[in-house]
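Report on one structure; see the data block that follows.
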Amino acid sequence: MFAFEITARCPHTRARCGSFHTPHGVVTTPRFMPVGTLATVKGVTADQLRHTGAQMVLANTFHLHLQPGEGIVQEAGGLHGFMAWDGPLLTDSGGFQVFSLGAINRINDRGVVFRSPRDGAQIDLTPERSMAIQMALGADVAMAFDQCPPYPASEADVATACRRTHAWLERCISSHTRADQALFGIVQGGCFPQLRAESAQVVGSMGLPGIAVGGVSVGEPTEEMHRIVRQLGPLLPDGKPHYLMGVGTLREMVVAVANGFDLFDCVLPTRLGRHGAALVGGERWNLKNARFRHDHTPLDPSCPCPACTQHSRAYLHHLIKSEEMLGKILLSLHNITQLLRFTSAMAQAIADGCFAEDFAPWNADSPAAHTW
């Protein structure tokens, strides 16, 4: 039911194209995955999302457990029926949100007890509970419950989090029983190379359908993220999809693809859209700026999204200045489309044998800037 087929490789880097087969369709890689935290990509309908070129969408276990509750989602036939998305879905484990948002009362080897940020209720979350919630939600891919240490953290604290993450992964595997749902493990280790190597070895030895790298894009310097990606690329099982969690900026995706990563997610495109910013040619444009007031040209003439094909910069500027909801929706659709076009362009370059020349490294004046 789940298989990952590598269809092309770059002869000069670790970049590869692949096809990840799931019960709800094939995800071609490299691929950006839009984030639909509460069973919705903010401000975007499922039909609009399909037209951006999205293939796989994320939902958030932590937030869906709090509202509306996995039981209600299960009553609707799972997330696919609940949100009217018939393509592949992935749910995260809730671990990152617990450690970054929750008021933690207790953490030990059993799990985490914390206060809900919604109503203050006490919640007991264990690997088994995370699996039960994700199985009820019914996404194609579930993520193992892990401990994501903050940045910066001491080596001793990160080592403890790694040990706990590995023990929790074994419990996730034991309690996960849905044959139509793949379970991915998560490599942790912070910015400590030895801990990262140990975690990659442990998680990679579990024989799971896919493997993710967590604990990046959590405040560490960009150079540290690049170093972690370069270290781990050769250490991950080659025949499995490699998912770099929480990353969606162009340069970081290029560095990751060059080192063998396939899947990415980030809230960046819709967050920027809601604040009136557009991704154009690798830059962030603030549509509130007066320079757009009399500009009746398309935002990006090469982009197929409705913001670019149906409207002008002046109109988008007007919508954002007027705080009209439509402006935020159009910019969100544009930004999602941009990141999907970018990862598709990387895939095409890999297949055409020119990824190393055009994308690695990528910058605004490289040949790749004109190919997507």
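The values are calculated or read from the model by the stated rules, or taken from the named source; none is laboratory data. What you are looking at is a predicted structure, and each value in this text was computed from that prediction instead of being measured. When we count neighbours, we look across all protein chains shown, and the Cβ atoms used for this are built from the backbone with ideal geometry, even at glycine. Protein only, heavy atoms only, side chains kept; ligands, DNA and RNA dropped before computing areas. Shrake-Rupley method; radii C 1.70, N 1.55, O 1.52, S 1.80 Å.
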Going by the conditions given, is Glu283 over 20 Å from the mean Cα position of the chain (by Cα) and modelled with pLDDT under 95?
yes
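Every residue in region 64-80 that is hydrophobic (A, V, I, L, M, F, W, C) and open to solvent by 10 Å² or more (accessible area, probe 1.4 Å), please. Let's see the steps before the verdict.
Here is the first cut: in region 64-80, the residues hydrophobic (A, V, I, L, M, F, W, C) are 64, 66, 72-73, 76, 79.
Leu66, Ile72, Ala76 - these are the residues of region 64-80 that are hydrophobic (A, V, I, L, M, F, W, C) and open to solvent by 10 Å² or more (accessible area, probe 1.4 Å).
Could you tell me which residue of region 193-227 is farthest from the chain's Cα centre (by Cα), considering only residues that are over 23 Å from Leu183 (Cβ atoms) and assigned to a helix (DSSP H, G or I)? Walk me through it before giving the result.
Initial filter on region 193-227 (over 23 Å from Leu183 (Cβ atoms)): 193-194, 219-227.
When the remaining residues are screened for being assigned to a helix (DSSP H, G or I), the result is 193-194, 222-227.
Details: Pro193: 23, Gln194: 25, Thr222: 17, Glu223: 20, Glu224: 19, Met225: 15, His226: 17, Arg227: 19 Å.
Ranking the qualifying residues of region 193-227, first place goes to Gln194.
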Which members of region 284-297 meet the condition of being without any contact (Cβ under 8 Å) to a residue 24 or more places away in the chain and open to solvent by less than 50 Å² (accessible area, probe 1.4 Å)?
Trp285, Asp295
Given (1) under 20 Å from the mean Cα position of the chain (by Cα); (2) under 26 Å from Gln338 (Cα atoms); (3) open to solvent by 10 Å² or more (accessible area, probe 1.4 Å); (4) not hydrophobic (A, V, I, L, M, F, W, C), number of the condition Gly36 does not satisfy:
(3)
Which listed residue, of Val27, Val41, is among the aliphatic types (A, V, I, L, M), in contact (Cβ under 8 Å) with a residue 40 or more places away in the chain and over 27 Å from Ser116 (Cβ atoms):
Val27
Scanning region 145-170 for residues that are open to solvent by less than 70 Å² (accessible area, probe 1.4 Å) and not in a helix (DSSP H, G or I), the one farthest from Gly214 (Cα to Cα) turns out to be Ser154
Working only within region 88-97, note down all residues that are open to solvent by 10 Å² or more (accessible area, probe 1.4 Å) and closer than 18 Å to Asp140 by Cα.
Asp92
What residue, among those in region 116-155 that are more than 19 Å from the chain's Cα centre (by Cα) and among the acidic types (Asp, Glu), is farthest from Leu263 (Cα to Cα)?
Asp119
Region 106-131, subset assigned to a helix (DSSP H, G or I) and open to solvent by less than 40 Å² (accessible area, probe 1.4 Å), residue farthest from Met56 (Cα to Cα)
Pro127
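Could you identify the single residue in Val26, Val57, Val41 that is under 19 Å from the mean Cα position of the chain (by Cα) and farther than 21 Å from Ala345 by Cβ?
Working: Val26 fails: farther than 21 Å from Ala345 by Cβ; Val57 fails: farther than 21 Å from Ala345 by Cβ.
The unique qualifying residue is Val41.
Listed residues Ala200, Ala179; which is open to solvent by 60 Å² or more (accessible area, probe 1.4 Å), out of contact with any Pro (no Cβ under 6 Å at 6 or more places or on another chain), modelled with pLDDT of 95 or more and more than 24 Å from Val113 (Cα to Cα)? Working first, answer last.
Working: Ala200 fails: open to solvent by 60 Å² or more (accessible area, probe 1.4 Å).
The match here is Ala179.
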Only unsatisfied item for Thr91, checking (1) in contact with a helix residue (DSSP H, G or I) (Cβ under 9 Å, 6 or more places away or on another chain); (2) in a strand (DSSP E or B); (3) modelled with pLDDT under 95, is (3)
Can you name every residue in region 64-75 that is free of Cβ contacts under 8 Å to residues at least 40 places away in the same chain and within 17 Å of Met131 (Cβ to Cβ)?
Gly69
Can you list residue pairs whose Cβ atoms sit under 6 Å apart, with the first residue in region 162-176 being farther than 8 Å from Pro127 by Cα and the second being of a type in the set (Ser, Thr, Tyr)? Count only pairs 6 or more apart in sequence or on different chains.
Cys162/Ser199
